[in-house]
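The values are calculated or read from the model by the stated rules, or taken from the named source; none is laboratory data. As the structure is a prediction and not an experimental result, all values here were calculated from the model. As a convention, Cβ positions derive from the backbone with ideal geometry for all residues, glycine included, and neighbour counts pool all protein chains shown.
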Amino acid sequence: MCDHKHLIDKNDRLVLPDNVVPSVYDLHIMVDYKSFTFKGEEDITVEVKKPTKVVVIHCLEIVIHSAKLGDQTACKIEYHAPEEVAILTFEQEAQVCESTKLSLTFDGIINDQNLQGFYRSKYVVDGQDRYVCLSQFEATHARRAFPCFDEPALKAKFNLTFTVPTHLTALSNTEEVSIKENTNDNTKTILFQTTPIMSTYLLAYIVGEFTYVEGSTNNIRVRAYKLLGQLESAEFALDVAIKALSIFIDYFGIPFPLTKCDHVAVPDFSYGAMENWGLITYRESLFLVSEKVSLLIKQKIAIVIGHELAHQWFGNLVTMEWWSQLWLNEGFATFMGSFVTDKIYPEWDCWLEFSDHYRAGALNLDALENTHPIEVPVRSSAEINEVFDAISYNKGSCVIQMIEGRLGDNFRKGLNHYLNKHSYKNTNTEDLWESLSLLSGIDIKTFIDPFTKYSGYPVIDFKTTQTPGTFQLTQKKFRLDGSAQQPTDPIWNNYIKIETASGSSEFILDKKSDTLTVPNFKQGDWIKPNFGQTGYYRINYDPAVLATLIPRIKSLELPSVDRLNLISDMYSICKSGDVTIDSYMDLIVSYSNETEYFIWNSICDNLSFIASLIQDQTYYTKFCQIVINLLKPISKKLGFDPIKGERSSDTLLRDKIQMTIGEFGDQEVIQECKKRFELFKNDPANLPADIRLAVLSVVVAHGGINEQQVLFDMYHKTISSSEKSCFIIAMAKSPKPEAICKILDFSLGPDVRSQDTYMAWIFTQTPFKPVVWQFLIKNFKALETKFPETRSIGRIISGSFQPKMDEAGVVEIEKFFIEHPVPSAERVIKQDIEKIRINTKWANSFIPTLGKWVEKNSSNNSYC
Ligand SMILES: [Zn+2]
């Protein structure tokens, strides 16, 4: 149709021509709930900046029926799908003018596949199928719902009018101004208040049958909506939403600019949640709770609500100029999600969760060859989804944490300056650095650039010298595969907090190697570098330094976040080859008094992973017994039932420990799980949510077809999404190939929401991964059909790989994906293949050493 390009190349990105720029959208969407289509009319107030005969506007899967600019009707309406635009041509050249109207009529389909644009999501009330219709416009999907100038920097105000069936609730970013009943067709037309100036991706509208609970803070009405018939409660979410909003208003020092903030839970949602200004949408499982919901889920919910509310300022009020800076938006909100949850629930130790989840997640991925700098060029909309990955979110949040750790309260002051200065505008990363530098007197750009502009991070060798209190620090790029340093590797600017018996100090390592002298340090004193773990690097501890910390690990005097990161650093450095596995195992053994959930979580996961790499059966059994011995005291102490007055994290710990020790084969725990499973079969209420995953996982992992069948039946009976997830995870753990194929097959069917499918794949047991891989090959078409261009497919594919394989096996996988490319999961597949090669190399090198360690420790159980 058109062979020339319609977008223009500006600063290495493809954007709309700048001859016509919008300021206000008067948008009317008329929903037809029978055919699931919609009609639209819009008047866009635009400024014509250069004379033009052609207006290029984003438009995808929308049919434009008429277009007028001022009083001139378009003589030609064309589309160019690869660029996702419509091209409107006018006979006369429009002249430069400050304000005229671009008027369009159009229609489109409310899709039910992509969870993008304006889409519908099915739910069931009294056995009847019902639909909720809602928008998801980030990153570039507003163009699927109405023709628009769909770039974050093209901010405008929106006056939305929405025509929907009378009996349904309609919501948008702002409050309603008026409602008119249209008696002829049982519809109503609602006009919403004008929005603030904002980017198109933040507009939102929803129509469906909802109920809500309500509260307020600072004169802002806060509501938490859920679908009719949904039995789980929105009360907890409402409580968090009100508290977090109030904390943010105070912290940012800037009022929330809308009169209301709605939070809505919907069944199908491609992301966890979306920060639409004043109308935040969530996946039900990340919003609603029942008494069956575990504390971990509640913690996740609070963090997600905090994340989305932080965006109301950082992202919505001040917006990145272009998608290449998405990391800053997401990194900031991710950090603030934990920050605010910690303020509301200090007893939850959210920073430990942050360290376990975001920090470890970032450090693990960012040590691979197949990582990327968090600041990456994004040329076109097709490349945007690529940057919505764990690196952007997790490393981004660690970079923010590192700045906050160094700046303290000047961080908040700098933010306030930045948000005030750029309100309702767009910014670059440098604008934030400028505000933070101004308020702190520290050159933030020099400090942070190596972390944002390069991939990876340093490992710092922390060595003692002949002189007590003097240490030699050397940095190099950390590579998980242990490969050699490159001349192009950057030198990072590392801010290191040091804690010793005699006090705290700070050190900047901005050279390859430097000497640190700690005042008042005496021979034999303990020393902990990267105290508080806000630095985004790993530390390779001199054995002499580590030895001084062991008593503080045993006595739990070393703070929990430092205890966690010590084992995390040691484990990764061990994988890279710079620490031997017996040193790592000796360190782990010193954690036998540990009480924290996230620390045990990390220990359990790492030990399970190491076990999965051992093939010799006798060796494997001996290793399992050592793990059982290590976990036995804590398993006994926790038991299976809540202890009155226990810490909330003990509830999580109980589930994790009993699951791990049970899966490792502890007979006592297996028998207890079986006993409790019988009671559960009679009545699911007999098994509390907080121990459910452990009991069901252990029973299925050591069971057969019948145990899995019980869970299938339960799955169909429950309407709780968190219960459904728990059942899928447990069912996947079956040791019977036919049962594994059954759950995988089920995961692709209509009864499992596409956002949950991956669980069935990820949680299959390692020895059965070949079964999963064969299933994937056989069912690849079905997979591609269920997951067109979504991120979920990457996780599913990851769930089908063995952690360790010979080179021929890896080549077979590579070949398969050359023949069956999955563009949305390309990077994930490359990362997985790289991990398999690293694991294989690691296993081959550690197996003999670990074997000796196992022999030595099998006869000596003194540590437990
Ligand atoms: Zn976000």
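Figures for the structure shown
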| quantity | calculated |
| --- | --- |
| Which listed residue is buried (at least 18 other Cβ atoms within 10 Å of the Cβ) and closer than 22 Å to LEU168 by Cβ, from ALA241, ALA234 | ALA234 |
| Strands (runs of 3 or more DSSP E) enclosed by the stretch 27-142 - at least 2 residues per element that are under 29 Å from ASP185 (Cα atoms) | 37-48, 62-69, 97-109, 117-125, 128-136 |
| Any hit, the stretch 521-538, residues being touching a residue at least 40 places away in the same chain (Cβ under 8 Å), part of a helix (DSSP H, G or I) and of a type in the set (Gly, Ala, Ser) | no |
| Hits in the stretch 737-761 (condition: of a type in the set (Val, Ile, Thr) and within 23 Å of TYR282 (Cα to Cα)) | VAL752, THR757 |
| Number of the condition not met by LEU104 [criteria: (1) free of Cβ contacts under 8 Å to residues at least 60 places away in the same chain; (2) touching a Phe, Trp or Tyr at 6+ places or on another chain (Cβ under 9 Å); (3) more than 15 Å from VAL21 (Cα to Cα)] | (1) |
| Residue in the stretch 255-276 that is crowded, with 22+ Cβ neighbours inside 10 Å, under 29 Å from ASN426 (Cβ atoms) and either of a type in the set (Lys, Arg) or out of contact with any strand residue (DSSP E or B) (no Cβ under 6 Å at 6 or more places or on another chain) (or both) present | yes |
| The stretch 331-363, subset within 16 Å of the ligand (Cβ to nearest atom) and of a type in the set (Val, Ile, Thr), residue surrounded by the fewest Cβ atoms within 10 Å (Cβ to Cβ) | VAL340 |
| Lone qualifier among LYS155, LYS122 - being of a type in the set (Lys, Arg) and either surrounded by 14 or more Cβ atoms within 10 Å (Cβ to Cβ) or touching a helix residue (DSSP H, G or I) at 6+ places or on another chain (Cβ under 9 Å) (or both) | LYS155 |
| Filter pass, LEU16 being closer than 26 Å to SER380 by Cα, buried (at least 19 other Cβ atoms within 10 Å of the Cβ), over 33 Å from the mean Cα position of the chain (by Cα) and in contact (Cβ under 8 Å) with a residue 40 or more places away in the chain | no |
| Flag if ALA739 is of a type in the set (Gly, Ala, Ser) and out of contact with any helix residue (DSSP H, G or I) (no Cβ under 6 Å at 6 or more places or on another chain) | no |
| Sole residue being under 24 Å from LEU693 (Cα atoms) and among the β-branched types (Val, Ile, Thr), chosen from THR785, THR766, THR849 | THR766 |
| Residue match in the stretch 4-11 (condition: at pLDDT below 95 and farther than 19 Å from PRO152 by Cα) | yes |
| Residue within the stretch 570-577 that is of a type in the set (A, V, I, L, M) and over 30 Å from MET805 (Cβ atoms) present | no |
| Scope the stretch 285-304; condition part of a loop (DSSP other than H, G, I, E, B) and not small (Gly, Ala, Ser); matching residues | PHE287, LEU288, GLU291, LYS292, VAL293 |
| Residues satisfying the stated conditions in the stretch 622-663, i.e. free of Cβ contacts under 8 Å to residues at least 12 places away in the same chain and assigned to a helix (DSSP H, G or I) | LYS636, LYS637 |
| Members of the stretch 587-620 that are assigned to a helix (DSSP H, G or I) and free of Cβ contacts under 8 Å to residues at least 12 places away in the same chain | ASP605, GLN617, THR618, TYR620 |
| Restricting the stretch 305-325 to residues that are near the ligand (Cβ under 9 Å from one of its atoms) and either in contact with a Lys or Arg (Cβ under 8 Å, 6 or more places away or on another chain) or assigned to a helix (DSSP H, G or I) (or both), the residue that is farthest from SER648 (Cα to Cα) | HIS311 |
| Which numbered condition THR281 misses (of (1) more than 16 Å from the ligand (Cβ to nearest atom); (2) touching a strand residue (DSSP E or B) at 6+ places or on another chain (Cβ under 9 Å)) | (1) |
| Neighbours by Cβ (under 7 Å, 6+ apart or cross-chain): first from the stretch 376-397, closer than 14 Å to VAL15 by Cβ and within 16 Å of the ligand (Cβ to nearest atom); second at pLDDT 75 or above and of a type in the set (S, T, N, Q) | ILE384/THR140 |
| In the stretch 541-552, the residues that are in contact with a strand residue (DSSP E or B) (Cβ under 7 Å, 6 or more places away or on another chain), surrounded by fewer than 21 Cβ atoms within 10 Å (Cβ to Cβ) and not charged (D, E, K, R) | ALA544, VAL545, THR548, LEU549 |
| Residue satisfying all of: in the stretch 718-734; in a helix (DSSP H, G or I) and free of Cβ contacts under 8 Å to residues at least 60 places away in the same chain; surrounded by the most Cβ atoms within 10 Å (Cβ to Cβ) among these | MET731 |
| Residue count, the stretch 248-305 (criterion: in contact with a Ser or Thr (Cβ under 8 Å, 6 or more places away or on another chain) and acidic (Asp, Glu)) | 2 |
| Positions within the stretch 454-491 being of a type in the set (A, V, I, L, M, F, W, C) and either exposed (fewer than 15 other Cβ atoms within 10 Å of the Cβ) or in contact with a helix residue (DSSP H, G or I) (Cβ under 9 Å, 6 or more places away or on another chain) (or both), in sequence order | VAL459, PHE462, PHE471, PHE478, LEU480, ALA484, ILE491 |
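One line per residue, one yes/no per condition, for (1) in contact with a Gly (Cβ under 6 Å, 6 or more places away or on another chain); (2) part of a strand (DSSP E or B):
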residue	(1), (2)
LEU439	yes, no
PHE447	no, no
SER455	no, no
PRO468	no, no
LEU473	no, yes
ARG479	no, no
GLN486	no, no
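Residue-wise test of (1) over 21 Å from SER135 (Cα atoms); (2) of a type outside the set (S, T, N, Q).
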site: LEU7; (1), (2): yes, yes
site: ASN19; (1), (2): yes, no
site: ILE29; (1), (2): no, yes
site: ASP32; (1), (2): no, yes
site: THR45; (1), (2): yes, no
site: LYS49; (1), (2): yes, yes
site: LEU60; (1), (2): no, yes
site: ALA67; (1), (2): yes, yes
site: LYS101; (1), (2): yes, yes
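For (1) more than 16 Å from the ligand (Cβ to nearest atom); (2) closer than 28 Å to LYS122 by Cβ; (3) small (Gly, Ala, Ser), each residue gets a yes or a no:
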{"position": "TYR201", "(1), (2), (3)": "no, yes, no"}
{"position": "SER216", "(1), (2), (3)": "yes, no, yes"}
{"position": "ILE249", "(1), (2), (3)": "yes, no, no"}
{"position": "THR259", "(1), (2), (3)": "yes, no, no"}
{"position": "ASP262", "(1), (2), (3)": "yes, yes, no"}
{"position": "TRP277", "(1), (2), (3)": "no, yes, no"}
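Residue by residue, here is whether (1) of a type in the set (D, E, K, R); (2) surrounded by 15 or more Cβ atoms within 10 Å (Cβ to Cβ); (3) on the phi < 0 side of the Ramachandran plot holds:
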position	(1), (2), (3)
ASP641	yes, no, yes
GLY645	no, no, no
ASP650	yes, yes, yes
GLU678	yes, no, yes
ILE691	no, yes, yes
LEU696	no, yes, yes
